[in-house]
Amino acid sequence: MTIHLSILVFAPLAFAFAGTLLPGRLAGYLGLAGSLVALGLSVAMLLDFNQSADGLQYVTDDKWISALGIRWSLGVDGLNLWLIGLTTLVFAASSLWIVLRPVERPGQFAFLMGLAETAVLGAFTAQDLLLFVLFFDLMLVPFLFLMFGWGGPERRSATIKMIIYTLVGSLLMLAAAVATGVLAAQQTDGGLTFALSDLSKVSLGAGTQRLLFAAFALAFLIKMPAFLVHGWMPDAYRQMPLPALAAFSAVLSKVAAYGFLRVALPLFPDAAVDFQTILMILSVVGIIYGSAMAFTATNLRLILGYSSLAQLSFITLGIFSLTDQGVQGALIQAVNHGLVVAPLFFVVLLAAERAGGAEDVRELGGLAFAGPVLASLTLVLALATLAIPGSANFVGEFFILFGAFKAKLVLSVIAFTGVAMASVYMLRAYIRTFHNRVGPAVVAGRDMTLRDGLILVPLVIVIVAFALYPQAALRDGEQAVRGKTPLLAKIDATRGAPRAVASTKAAP
Amino acid sequence: MTPKAPYIDWAALSPFVALAAGAIVTLMVGLFRSRVVRTWVVPGLTVVSFGAAIGLSVWQWGTDTAVVSGALAIDDLSLGLTILFCAGGIVATLLALGSAATEDAGHGEFHSLLLSSVMGMVVLAGAQDLISLFLGFELLSIPLYVLCASELRRATSLESGLKYLIVGSVGSATLVYGLAFIYGATGTTSFGAIARSLDATGTSSDVLLLTGVALTLTGLAFKASVAPFHQWTPDVYEGAPTAVTGFMAVATKAAAFGVILRLFDVALLPAAATWAPIMSVLAVITIIVGNVGALGQSSLKRMLAYSSVAQAGYMLAGVVVTTSLGVAATAFYLAVYLLMNLAAFSVIAARERETGLGDDLSSLNGLGASRPALAWTMSIAMLALAGFPATAGFFGKVYLIDAAVNNGYGWLSVAIVLGSAMSLAYYLRVVAAVWVRDEPRPAALTPGGQPVMAGASADGPPVARASHPFAVFTGVLCAAATIFFGIFPQPLFDVAQDAGRALASLL
């Protein structure tokens, strides 16, 4: 089966743009149609994907800007297949959300969401370094306007803070990306190219690699956000409109994690080994910090934000264990976290609606009395977040810790505490929202409606299905991680190289 | 035997001739008493002669010749820049339609001066001789001094013109002094001969020459508003009529960079080792000064003035690298810069008339709700200036970074991106003013974006009275082109590469 990735990438934008020409509510429906087309294509791709094939599938490779050697090059393999599925699912849910609960100026909102989906899908499928950077930066634009146009009362400063934070990283990454292409071209005496497959064959000098890797890592860590560079996150999470925030939290941070796997590790393997310890320590600190903050925060959005920080730190830990298991676990966990966090933000909305807009756990409570169905569905989400055995998150975290265990024993032991802390903060948030006494702000005690179920139930079903059968994603990812074009072989080789040199020196 | 008349390559000179003819004709037609003729025919003729110059430049594309006994190069670089100047001139004419500036200064005079200034720019961009360089420089500047002061009834406009006159004269004096030193050191005024003389005698460490280079660089830095010679820029930009400011921001900048490219990357190329370090330091200083200066500005024109200083810093990087890639990158950036800036100035011009708030940032408040076309135009212009992807500004930055890294100036590319990051702080303030309608309204925060009452923006700006269709039109057009070249930049890259190849002395 041939699936044109260009159609997948541009369908959301095209439909949403057409929607801006239509009046009012219709625009939202057209945006939904676009995201459903993308969802359909990605499901078809999931079913059609050849698990045993090497390398990229559904490749699109055309000339785009020959002056800069940038190619319109898209492809799918085990690394991004499931993340694409996640993206289309989450954006379809968000689009449905804005259809069911109309926002002000729905046409523009739907257009921006379509642009965001296109940018994210472009970043996930891009196989050209500059194309990746372009889409990575483009992802920010729709959220800039979404926050300015529909955000909370302090959106101005929150937005500017978020944009400056992330663009400092992104722009440095842009310079590093151009430098990577230029230096590689100078080394091989070939023409300027940014194709990832060509660039990964060139090995740059160790010092250069370290500088370039640092620029990329900074961009990805800010985007996640990781500990130390998360300063923009609390404000942005508080001010962003919820349908956008669900997609933002579920998907955009994954692009950063994916960037490590697609770009930073294959292109700068030596530097990845050099930075391994630092990044693993950063991840472990991030796990503990995120969990502690999620435990003390009272705003539901912030609890989810800090829990995301902790989860993303888990993913980074898995990636920088530089082991097959760690990377596989990171991939699964990236999908898991996205699947869980998007519906949780919808629950935040539903809870706030029952409490006059309050999103603070101190003002909430007792929602389960009137809303048993909502409470049960949320419980599934909460249990999945805290990685209860049997959930897909358990599998993901298990793999990550297994990988980390092989790489750095001590760090992995500390990281284990994060698993326990996750249950503390998730259950606290759940109990204080749904159980306990009826909170002071809770006014309308009622269960969720059928329309709300349209959004929440399918997502919960997917989570449960994924929990029952995580092998689907594991197998698809296997080839990319372990197959004949192994991501880590090159890193293993470089890690082995100094040892080999040392041994030959010692021999005589 | 009759004496043979000198051969004149009229075809190569044709863009210049079109402008000169336009300058004379508009001045004459402006004397008619009929109001319709003065307010509509004169601008129409101006646009026609700019258009003719553009058409003739396109027709001449690919020629590589020197006219006027080698004093003026007609090649893809000068032709490309001519197109930019004329495009800037057309937009300025459209923005000035019905403005106080044309009314006060007289329609014929205003447009004739505009055309003369572009003539000077054409000479400057093609100058291959110290004499023609200075001629072009003065022909460009003197009409601009008058144009800045053309809103006779507004004190700030007069102040702007006077300031520009004084500072510009200092710049000109410095420049001509420097040119004299270069002539003294090399014994010739032709760029090619200067380069050969420097190559042959190795006078690149000659004190006479170094003084000349330093003074020349200073003089040109005044015109290109390179820090620390930029101080006039915000004052002049703020005071001048918006149409003139927009024109100065794009066309003068392009002309100054055209001559900097040709003088430094052709005539003084053998001495690159002496001036490249100075210029790269100047580039970094300019980036910092421009971006820091723009941070606290509430006047949009002042903000854009500082932003133009910063952009000059980015473009200097393309000069410093002394490769044809650098020239192409600078030319590309100049074209992109023209689109982005004119889009912004069109919105400012439109809002000035509609709100009566002048060019203050608050004149943009609530634009997103009341005037979506202007709002998107302004947002696109700001994001493009900041270098966001899917706008042409992104590729402009990528191309400059590419050129810088390619010749070992990686640190300069870091300065460019850090400068861009800093610039976000003030560009985003503008975008925020456009879209964040008013100060915090608690009602706006209904969870999940529940519908907020539509009529709540009562304290927004008054409804547009005297709308300015041409400003809106040019703004939308420039913004659309910015997006178009952000997605399909290849045609622009082709033109820039042709221009880059024009300077044969470079790799």
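Below, the figures for the structure above:
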quantity: Test: residue in region A:240-251 that is in a loop (DSSP other than H, G, I, E, B) and over 23 Å from A:ILE332 (Cα atoms); calculated: yes
quantity: Yes/no for A:GLY75 being over 19 Å from A:ALA119 (Cβ atoms), at pLDDT below 95 and not hydrophobic (A, V, I, L, M, F, W, C); calculated: no
quantity: Members of region B:118-158 that are of a type in the set (S, T, N, Q) and more than 18 Å from the chain's Cα centre (by Cα); calculated: B:GLN128, B:SER132, B:SER150, B:THR156, B:SER157
quantity: Enumeration of residues in region A:155-169 that are surrounded by fewer than 24 Cβ atoms within 10 Å (Cβ to Cβ), more than 16 Å from A:PHE220 (Cβ to Cβ) and facing another protein chain (nearest Cβ under 7 Å); calculated: A:ARG156, A:ILE160, A:ILE164
quantity: Residue list for region A:70-92, restricted to those being of a type outside the set (Val, Ile, Thr) and closer than 28 Å to B:GLN490 by Cβ; calculated: A:ARG71, A:TRP72, A:SER73, A:LEU74, A:GLY75, A:ASN80
quantity: Enumerated helices (runs of 4 or more DSSP H) restricted to region B:128-201, each holding at least 1 residues that are more than 27 Å from B:PRO228 (Cα to Cα); calculated: B:155-186, B:191-201
quantity: Flag for A:ALA342 being within 14 Å of another protein chain (Cβ to nearest Cβ), among the hydrophobic types (A, V, I, L, M, F, W, C) and not in a helix (DSSP H, G or I); calculated: no
quantity: Selection count, region B:484-507, where residues are part of a loop (DSSP other than H, G, I, E, B) and more than 11 Å from chain A (Cβ to nearest Cβ); calculated: 5
quantity: Of residues in region B:370-390 being surrounded by fewer than 24 Cβ atoms within 10 Å (Cβ to Cβ) and of a type in the set (A, V, I, L, M, F, W, C), the one nearest to the other protein chains (Cβ to nearest Cβ); calculated: B:ALA390
quantity: Residue count for region A:23-59, restricted to those that are touching a Phe, Trp or Tyr at 6+ places or on another chain (Cβ under 7 Å) and not in a helix (DSSP H, G or I); calculated: 1
quantity: Counted residues, region A:201-242 - those being surrounded by fewer than 19 Cβ atoms within 10 Å (Cβ to Cβ) and touching a Pro at 6+ places or on another chain (Cβ under 9 Å); calculated: 2
quantity: Scan of region B:89-127 for residues that are at pLDDT below 90, assigned to a helix (DSSP H, G or I) and not polar (S, T, N, Q), ordered by number; calculated: B:ALA100, B:ALA101, B:GLU103, B:ASP104, B:ALA105
quantity: Scan of region A:107-117 for residues that are buried (at least 24 other Cβ atoms within 10 Å of the Cβ) and facing chain B (nearest Cβ under 10 Å), ordered by number; calculated: A:PHE109
quantity: Residue within region B:298-321 that is surrounded by fewer than 24 Cβ atoms within 10 Å (Cβ to Cβ) and not in a helix (DSSP H, G or I) present; calculated: yes
quantity: Residue among A:THR125, A:THR60 that is under 18 Å from the mean Cα position of the chain (by Cα) and either under 23 Å from A:ALA177 (Cα atoms) or within 12 Å of chain B (Cβ to nearest Cβ) (or both); calculated: A:THR125
quantity: Sole exception among (1) part of a helix (DSSP H, G or I); (2) among the acidic types (Asp, Glu); (3) within 12 Å of chain B (Cβ to nearest Cβ) for A:GLU104, by number; calculated: (1)
quantity: Filtered residues of region A:136-153 (kept if at the interface with chain B (Cβ under 7 Å from one of its Cβ atoms) and not hydrophobic (A, V, I, L, M, F, W, C)); calculated: A:ASP137, A:GLY149, A:GLY152, A:PRO153
quantity: Selection status of B:VAL122, closer than 15 Å to B:GLY258 by Cα and aliphatic (A, V, I, L, M); calculated: yes
quantity: Residue match in region A:229-237 (condition: touching a strand residue (DSSP E or B) at 6+ places or on another chain (Cβ under 9 Å) and not basic (Lys, Arg)); calculated: yes
quantity: Matching residues, region B:114-148, being free of Cβ contacts under 8 Å to residues at least 40 places away in the same chain and within 22 Å of B:PRO43 (Cβ to Cβ); calculated: B:LEU139, B:ILE142, B:PRO143, B:TYR145
quantity: Of all residues in region A:170-193 being outside any helix (DSSP H, G or I) and not polar (S, T, N, Q), the one that is surrounded by the most Cβ atoms within 10 Å (Cβ to Cβ); calculated: A:LEU192
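The values are calculated or read from the model by the stated rules, or taken from the named source; none is laboratory data. Nothing here was measured: the structure is a model prediction, and the numbers come from that model. Ideal geometry is used to build each Cβ from the backbone, glycine not excepted, and the neighbour counts take in all protein chains shown.
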